[in-house]
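To start, the structure itself, in structure tokens.
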Amino acid sequence: MSKFKNLFESMYVKVIFIAVTLFIGISSGIYVGYAYIGANGEAVSDNNATTETHGDHSNGEGIDLDEQFVNFGAGDLFPLESYVDKNNNKGNFENLLQNKATIFLFVSLTCTPCHDMLLYWNLNIQDKLNKDVQVVVCLREKDGEVPVEFMGLLENKQLVFFDGDHWSLQYDMAFWPTIIAVDESGFVRKVQLGFENYIHYDIANYFFVQNK
């Protein structure tokens, strides 16, 4: 009986020890995750994805928590896919880029944050861009029709329609709005998923007049 009691107490102690260890480990992981977000100035949205960066992670930098939402990012060539313009003419992003620094605003016409982002862009961002930067609004709906409430938000921007289903399958793009900043060589500088009334520093630092 004494041996059985000792064995039971020993097992009980081990179970408690394992439980405490797991709790500490999980708590530490959560803390580190939140510390990482704060250190990089990333805002977490209740409704949208956060920003993300891909490319070389060998130094442990540039890794975001929402990589699963799109499978390309900083350091990758922007996908040279086809699109349809507002006149229903087919084109290719390779011809659209033409060695120009470009910011793509991927939006959906049924997306309230997309509307808010375009409004914020017009009021706070458009005038801060370098003069050589082109802004391209990519609408998920490809039927060529734009709701009236969006029309005034598309001024001073090129407008194209892309195949949302194809981009979702091919590139895991499933959140709107998505801001993709591309340099003159066609390489992605930053992917920002969702919108929280700010533009990521990596985009501002490269494409804004006062920061270049």
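The values are calculated or read from the model by the stated rules, or taken from the named source; none is laboratory data. Keep in mind that what you see is a predicted model, and the values were worked out from it rather than measured. Because the Cβ atoms are built from the backbone with ideal geometry, glycine has one as well, and the counts that use them run over all protein chains shown.
Annotations
- Just so you know, in the stretch 167-177 the residues that are in a loop (DSSP other than H, G, I, E, B) and out of contact with any Leu (no Cβ under 7 Å at 6 or more places or on another chain) include one that is nearest to Gln134 (Cα to Cα), and it is Trp176.
- Residue within the stretch 178-189 that is in a loop (DSSP other than H, G, I, E, B) and either surrounded by 20 or more Cβ atoms within 10 Å (Cβ to Cβ) or not assigned by TED's automatic domain parsing to the domain that holds Asn95 (or both) present: no
- The number of residues in the stretch 109-141 being surrounded by fewer than 17 Cβ atoms within 10 Å (Cβ to Cβ) and either in contact with a strand residue (DSSP E or B) (Cβ under 6 Å, 6 or more places away or on another chain) or in a loop (DSSP other than H, G, I, E, B) (or both) comes to 7.
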